[in-house]
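Read through the structure below, which is laid out as structure tokens, and then see the notes.
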Protein chains: 4
Amino acid sequence: MEFILNLSCPDKAGLVRTVSNWLFDKKCNIIDSDQFGDPESANFFMRVHFRGESEHNSDFQDNLIQTFSLIANEHRMSWGLWVANEKPEVMIMVSKQDHCLVDLLYRTKNEELPIKIALVVSNHRDVHSIVNAEGIDFLHISVDNKVKLEQELLSEIEKRNIDFVVLARYMQILGPALCRRLPGRIINIHHSFLPGFKGARPYHQAFDRGVKLIGATAHYVTTDLDEGPIIEQGVERVDHRMDTKTLAAVGRDIERMVLAKAVRYHAEHRILLNGQRTVVFH
Amino acid sequence: MEFILNLSCPDKAGLVRTVSNWLFDKKCNIIDSDQFGDPESANFFMRVHFRGESEHNSDFQDNLIQTFSLIANEHRMSWGLWVANEKPEVMIMVSKQDHCLVDLLYRTKNEELPIKIALVVSNHRDVHSIVNAEGIDFLHISVDNKVKLEQELLSEIEKRNIDFVVLARYMQILGPALCRRLPGRIINIHHSFLPGFKGARPYHQAFDRGVKLIGATAHYVTTDLDEGPIIEQGVERVDHRMDTKTLAAVGRDIERMVLAKAVRYHAEHRILLNGQRTVVFH
Amino acid sequence: MEFILNLSCPDKAGLVRTVSNWLFDKKCNIIDSDQFGDPESANFFMRVHFRGESEHNSDFQDNLIQTFSLIANEHRMSWGLWVANEKPEVMIMVSKQDHCLVDLLYRTKNEELPIKIALVVSNHRDVHSIVNAEGIDFLHISVDNKVKLEQELLSEIEKRNIDFVVLARYMQILGPALCRRLPGRIINIHHSFLPGFKGARPYHQAFDRGVKLIGATAHYVTTDLDEGPIIEQGVERVDHRMDTKTLAAVGRDIERMVLAKAVRYHAEHRILLNGQRTVVFH
Amino acid sequence: MEFILNLSCPDKAGLVRTVSNWLFDKKCNIIDSDQFGDPESANFFMRVHFRGESEHNSDFQDNLIQTFSLIANEHRMSWGLWVANEKPEVMIMVSKQDHCLVDLLYRTKNEELPIKIALVVSNHRDVHSIVNAEGIDFLHISVDNKVKLEQELLSEIEKRNIDFVVLARYMQILGPALCRRLPGRIINIHHSFLPGFKGARPYHQAFDRGVKLIGATAHYVTTDLDEGPIIEQGVERVDHRMDTKTLAAVGRDIERMVLAKAVRYHAEHRILLNGQRTVVFH
């Protein structure tokens, strides 16, 4: 039975030793481990993928959680422990453009992404049939009443035990209650190389500025639009022959790739928040 | 004897035909030709590298210029005609950091860059010996009196028939008279992926924002700081382990590469201005 | 009404003039034009996208073909002339892995690829339902009798007026009759950065050799396996943590991107053969 | 006082714990640590950068080495322990082309590369003055008598306590005695994307094959030419307009970048051999 532990805490001597001694006590063997001590924030970050001796056994898992809690409290750790092959429940939100959604559906089916897509939500009906063809629930929402919408979404998230939300080209602004309820658990794909071209119509902005590379940025959503911690970015070369329609077509490939990577990193618990920045253990 | 002609004008039918008939009349053979019709601005851009029959002959060149002037006037062209292997006279300006300067000196000596470095100007004396070792004139300037400095620079540019100026990590703002006197003839390297991180200390800004790629931008200098037409951009992947010093080291490689490309494109007359954007015929 | 003309012939003076005068005579206006004179092979290559005055009119098209034939004969040109928005009929061949097929289907539906997929052929039945869901014909083939298979494929190609064939991870070797019948009209995606790792199981070869980048290559199929003219290549960074399964997953993204680009270049008549190499006007 | 420890050994439970307990015993604090357990070879790899309490103190270093030896013997480790800011002594070998040499000299002076260049060796005199201008010893060698040359080089390596050798475009084959004497301590830059285009004139081979990307490969030298473990690779996009001379110019930039990275990784003890492959902890 395999587990993933990740943690962050104020840095000090002996942290790796503490964790590795605990693992040894529990007869667990490290498969993969990453650490990072940030000299600037003086915080320590760690992700360990390890194997316990037993087959699936919830008593064992409870014991790990209970014993590690003591360590975590002592060292003031933010931490999480997951069964490695348990797929998180994901809710995807999308508007009219479906390229990111289609890509996530394919990669999930093809087992490139270790997630379970529990629900797809859209303010349009265009993607309804694509989603249903995969046997996945679809929810059409109205964006007219923002307060009602937030309640509806929070209720679905609660009911379905959603682990994280992916905005796969969802062109509406999420309400602040939702953002605050799921900190570091909503991933957005912005179709520019942030911090360049924040806001609306970034490919038009890129065209007007005459840039020679365009990009996309996957980031966590905060109440501060386009300012959340960046998870992953990608770029492609463009030239003067390309109009905004062509820039958008080039951009779709970058968006697909960057969002899929960000979702995988999150699903594999590879991302830790470091203030407004992220630590990503590839 | 080889020439390069470049031109831009309002687009209409028959422009390629007009130019190719003129070349045929003059018994010139096209070696390389690029065109671009911008549907947005309705302008046409062309660069032709061609060979005339004669060996070096200034009468022939005069005749080309004279006869093409008539065509250019008729079609309201902005244009230039150059002898292909005549190296432009370049003035390089630099502050303390010498990596771009050293790179340009090496590529020039190694004949990767078809330019003649006529003068290196700096507000510091650090690079004096490097420049002199190459047998190139060095001018130390004071940035205390901006008006006097502008006059001094304009006088050098005049006296030495400088074709274009390269700001190779020159950390001072150029005066507006200079910018206006040499439109599209001053190239700057900005150490960020514009329009992200304008202004001072872009690697510190990039670190604080937690971006996953950093970049550099070569652009023409206008009176509007960091807003001139972009010539070339490059990026490299960075990660959470890198502090600002490391970002700057990664950035130096991008800056070197991007600036060297921009200088070569300009020296080979591959860049045409299209409003606030550029057409670059690679 | 818009057309695309591409041509190659022995290089000499006046070719651009000849073509542009012909276009002027026919009252056609150049939208986009590219030329290349290869000093090594002494051949000239050209692609012109132009607009005629009339709306759709087959007499006009016939006249263009007829008059250009005379020019082509005089200058010994290989050439083709197409109506710009007429989509070529494409046959896709695939084995078990469907990532390239799914990508091509999506991009075609999404109008990123200007093709009509007339038929999908496979030696497995796995992709049958995906193909039929798009309303596209599916043909299951047996690879036991190679002679019979070649006849079957040639017959389909004939019957359906197939313009070109795409091997989208088709893991069988095509028969020589087929290769010779469609020179420069069969595109294969090889899952390595050719000429490295020819033949079977390139990701295993790449793993064993410990390379730090893996790639994919789209090329025209010839009777000489993995040696046909290269159209497009892509790479991604990999590291020591990645096993062959992960390399294959990274590789699938490169394959999708590279194959889609190659198909688009071919469909837009951007590729000209230059001996064993290609000229690709991006 | 900071140290770097790297090690590889057969994988088993408790290795991280063993090392971290030893560090704790010695009152050392981990600054940076990387591990990798290779499921294929069943080997474990680790690199730890740590800080001891004392200022420079050779007794302390001796104690570390002595105590860790016992651990290393018990677990059959290959290992090394270095003072972190002690620069290795490097011998660079070069032929006529000096772009990699010039780049290494600049980066060393600019403190991007933590090495001390003890000696530059060449079978040509071209680079003599460049090397001497930096105050570095230069040795001109004759390649006529291979046996004598090997002895001469081995004697210099011995005399000067050379830690590793860099072949910075040295176009001669090293003798087998030298290769065997310095396993994993001679770095070569090959001007192709290995395993494509082994042997001589790779840019000519690349041109003939019509590839769309060219590359360079830094690898350890073994007696098996161009087959040693790969450290780092890079590529750049090329197109049909580029002749072999242009490919070589593009290639020089890749070579410079790739070799500089490989030298830095080696100097910082980031590379561990894993059979014919490398583990590189970036």
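The values are calculated or read from the model by the stated rules, or taken from the named source; none is laboratory data. Being a predicted model, the structure only gives us computed values, none of them experimental. Note that each Cβ is placed from the backbone with ideal geometry, even for glycine, and that neighbours are counted across all protein chains shown. To get the accessible areas, we keep the full protein, side chains included, count just its heavy atoms, and leave off ligands, DNA and RNA. Shrake-Rupley method; radii C 1.70, N 1.55, O 1.52, S 1.80 Å.
Some values worked out for this structure:
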read-out	value
Label point distance in nm, residue B:241-residue B:200, each placed 7 Å from Cα along Cα→Cβ	3.2 nm
Cα gyration tensor shape for the stretch A:77-164, rounded if a/c is under 1.5, else prolate or oblate	oblate
Candidates C:222, C:67, C:108: whichever shows maximal mean-square fluctuation once chain C is modelled as a Gaussian network with Cα springs under 10 Å	C:67
Unit charges on C-beta of K, R, D, E only; dipole of the stretch D:146-195, Debye	60 debye
Relative contact order of the stretch D:2-83, pairs being alpha-carbon contacts under 8 Å that are 6 or more residues apart, as %	47 percent
Pseudo-label separations to other copies for residue A:128 - Cα-to-Cβ vector, 7 Å, nm	3.1, 7.9, 8.5
Three-way shape call for the stretch C:37-95 based on the alpha-carbon gyration tensor, with the a/c threshold at 1.5	oblate
Occluded residues from the stretch B:97-137, i.e. those whose accessible area drops by 50 Å² or more once the chain is not alone (1.4 Å probe)	B:106, B:112
The stretch D:1-158, relative contact order [Cα under 8 Å, separation at least 6], %	21 percent
For the stretch D:111-130 and the stretch B:29-68, distance of Cα centres in Å	46 Å
Inter-part distance where the stretch A:191-252 and the stretch B:152-177 are each reduced to a Cα centre, Å	34 Å
FRET E, pair residue C:132, residue C:42, Förster distance 35 Å, beta-carbon r, rounded to 0.05	0.10
Most positive-pole-ward Cα, A:154, A:211, A:168, against dipole of the stretch A:89-280 from beta carbon charges	A:211
Length released on extending from residue A:144 to residue A:159, taking residue separation times 0.36 nm less the Cα-Cα span	3.1 nm
Sum of -39500 (n - 2.57) over DSSP H runs of 4+, divided by residues of chain D (222 nm, nearest 500)	-10500 deg cm²/dmol
Kyte-Doolittle at least 0.0, axis length at least 18 Å by Cα - qualifying DSSP helices, chain D	D:244-267
Loss of accessible area when A meets B, both sides summed, Å² nearest 100, probe 1.4 Å	3100 Å²
Point-charge dipole on Cβ atoms (K/R +1, D/E -1) for the stretch B:154-249, about Cα centre, debye to 20	120 debye
FRET efficiency for residue B:208 and residue D:73, using Cβ-Cβ distance with R0 set to 51 Å, rounded to 0.05	0.60
Position residue A:86, label points 7 Å along Cα→Cβ, spacing to each other copy in nm (shortest first, one decimal)	4.9, 6.1, 7.7
Cβ-Cβ FRET estimate between residue C:180 and residue C:282, R0 fixed at 25 Å, reported to 0.05	0.30
In nm, spacing of pseudo-spin labels at residue C:152 and residue C:124 (7 Å Cα→C-beta vector)	1.7 nm
Test item: Cα-centred dipole of the stretch C:89-280, Lys/Arg +1 and Asp/Glu -1 on Cβ, debye	300 debye
Chain D, relative contact order [Cα under 8 Å, separation at least 6], %	16 percent
Solvent exposure ordering (accessible area, 1.4 Å, most first) of C:277, C:185	C:185, C:277
Beta carbon of chain A nearest to the axis of the rotation taking A to B, residue and angstrom distance	A:196, 2
Prolate/oblate/rounded label for the stretch D:2-83 (Cα gyration tensor, a/c 1.5)	prolate
Label point 7 Å beyond Cα along the C-beta direction, distances from residue B:109 to other copies (nm, shortest first)	0.9, 6.1, 6.1
